[in-house]
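Please read the structure below before turning to the comments.
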Amino acid sequence: MTDTIKSLAALLAEGKTSSVELCRDYLARIERLNPALNAFVTVDAEKTLREAAAADARRAAGQAGVLTGVPIAHKDIFCAEGWLTTCGSKMLSNFVSPYDAHVIEQFKAAGMPCLGKTNMDEFAMGSSNETSYYGPVRNPWDTDRVPGGSSGGSAAAVAGRLAPAATGTDTGGSIRQPAALTGITGLKPTYGVVSRYGMIAFASSLDQGGPMATTAEDCALLLNVMAGFDPRDSTSLERGKEDYTRDLERPLAGLKIGLPREFFGAGLTGDTARAVEEAINQLKKLGAQTVEVGLPNSKLSVAAYYVLAPAEASSNLSRFDGVRYGYRTPEYKDLNEMYEKTRAEGFGSEVKRRIMIGAYVLSHGYYDAYYLQAQKLRRLIAQDFVEAFKQCDVILGPTAPTTAFKLGEKTADPVEMYLSDIYTIAVNLAGLPGMSLPCGFDAQGLPIGLQLIGDYFAEARMLNVAHQYQLASDWHTRAPTL
Ligand code: GLN
């Protein structure tokens, strides 16, 4: 039995524990294990316990919601009032947010205390958590290995049971890939379902917040809290609140699973291929049918992404100039030198690489050749999914090409690192929902992730498939010994 947020909510409802007690337990575990894992950038026990006491008081007054009192950790990309909010960067190493992101507001309204802010790749750029100014996060299954990125702190916190749940963001795979590498469940919603207000922008047309937890059922409960229209984000979709748990118990008989031939090619290593194959068989036993589908343009998704995401990043990150937010170089002669030194000192090398690529592809003479071409590719990639979903209800494949790799293994070669997201990026380009759930272990005992991709707004169906799979398997209950 895992400590799911569902089970913790039940204990609270039955009066068998209190939020203060739960938070104390998790804070003690963080204190013991965080020095080795580096999953949290900021922990503030006093603040957490104050929120927990308020949650207990709310329950005593008969005003508790489903998750009131259940603690959660937040990726340090979400602005949270009074909390240091670094986005994994030196640039924001002194930034205490004066306001809450929409996502944080929603969790506060639900009465869920914040256990702390989790480590991440700098400005969410990375697949291994090694670009963080606060040092790498380590994978709880093997501390010589990376937890994936960029939401690696959240993933390691949940996998190591330092938090029962956490928030993440996913621009090209940053919820799903770390979920896969740490053996947890994570979901990226349809673009526009979760408000980006107060979520520090990397690539605005791709960024989407989502839940990370041990089970699909927990992700559904968390998405119920996170999702919702917010007029302060112009890309937030004006849709009614949905109950994402509504289809969890639906039987899978008649479900059509699309298997993209491009996802089952030569790039898939033995253990991952085998585990995904076994998961397919398991789902077939539950009544699902499979159909081969084609995503012919998906092979171009990494290339298109590394034009579009840096282009947007170069614009979004221009606000970090030493004037309005965060770090400013201590010594400078004039305004220009102040900008230059601030940005040279405040950003790490991966962020600088992206800003330079972005400025290049947007510049006169190159805009048509790179940026516009990539936009066209993006449309073709999205169109492939439209065609594929005419034949199936969900698409299935691996989440990541490999299991957790060693620290330092891919840092010398950015392109090698970028390929970690080869199965996830197309989903962001299309704006579709996707999730990763554990489906086995490799020969070295490292978790393997299974990816499900849903049609637009089909989160509930995707969660249904994942939940039914988890009822029939126990991979999600396995935890590393720490
Ligand atoms: N690894 C990808 C990148 O570095 C995706 C990151 C993300 O989803 N935030 O851009």
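List of remarks:
- Residue-level check: of (1) open to solvent by 10 Å² or more (accessible area, probe 1.4 Å); (2) of a type outside the set (Val, Ile, Thr); (3) not in a helix (DSSP H, G or I), residue 217 misses just (3).
- Search result, residues across region 202-224 that are under 21 Å from residue 304 (Cα atoms) and more than 11 Å from the ligand (Cβ to nearest atom): 204, 205
- Test: residue in region 392-402 that is of a type outside the set (S, T, N, Q), assigned to a loop (DSSP other than H, G, I, E, B), in contact with a strand residue (DSSP E or B) (Cβ under 7 Å, 6 or more places away or on another chain) and open to solvent by 40 Å² or more (accessible area, probe 1.4 Å): yes
- Unmet requirement for residue 144, which otherwise passes all of (1) within 14 Å of the ligand (Cβ to nearest atom); (2) surrounded by fewer than 24 Cβ atoms within 10 Å (Cβ to Cβ): (1)
- Every test in (1) within 13 Å of the ligand (Cβ to nearest atom); (2) open to solvent by less than 10 Å² (accessible area, probe 1.4 Å); (3) out of contact with any Lys or Arg (no Cβ under 8 Å at 6 or more places or on another chain) is passed by residue 154 save one, and that test is (3).
- Residues within region 200-214 that are of a type in the set (Val, Ile, Thr) and open to solvent by 10 Å² or more (accessible area, probe 1.4 Å), tallied: 1
- When region 88-105 is filtered for residues that are surrounded by 24 or more Cβ atoms within 10 Å (Cβ to Cβ) and of a type in the set (Gly, Ala, Ser), the ones remaining, listed by number, are 88, 89, 101.
- Test result for residue 178, at pLDDT 95 or above, under 24 Å from residue 101 (Cα atoms) and more than 15 Å from the ligand (Cβ to nearest atom): no
- Matching residues, region 179-214, being under 16 Å from residue 161 (Cβ atoms) and outside any strand (DSSP E or B): 179, 182, 183, 184, 214
- Selection within region 40-83 - over 17 Å from residue 27 (Cβ atoms), in contact (Cβ under 8 Å) with a residue 12 or more places away in the chain and not in a loop (DSSP other than H, G, I, E, B): 58, 59, 75, 78
- Annotation note: Cβ proximity below 9 Å between a residue of region 172-188 that is open to solvent by 10 Å² or more (accessible area, probe 1.4 Å) and a residue that is at pLDDT below 95 and more than 13 Å from the ligand (Cβ to nearest atom) (sequence gap 6+ or interchain) occurs for no pair.
- Against the list (1) touching a Gly at 6+ places or on another chain (Cβ under 8 Å); (2) open to solvent by less than 60 Å² (accessible area, probe 1.4 Å), the condition residue 43 fails is (2).
- Considering residues of region 1-36 that are assigned to a loop (DSSP other than H, G, I, E, B) and loosely packed, with under 13 Cβ neighbours inside 10 Å only, the residue modelled with the lowest pLDDT: 1
The values are calculated or read from the model by the stated rules, or taken from the named source; none is laboratory data. If you're wondering where the values come from, they're calculated on a predicted model, not measured in any experiment. Here the Cβ is made from the backbone with ideal geometry for all residues, glycine too, and neighbour counts use every protein chain on show. SASA here: full protein model, heavy atoms, side chains in, ligands and nucleic acids out. Shrake-Rupley method; radii C 1.70, N 1.55, O 1.52, S 1.80 Å.
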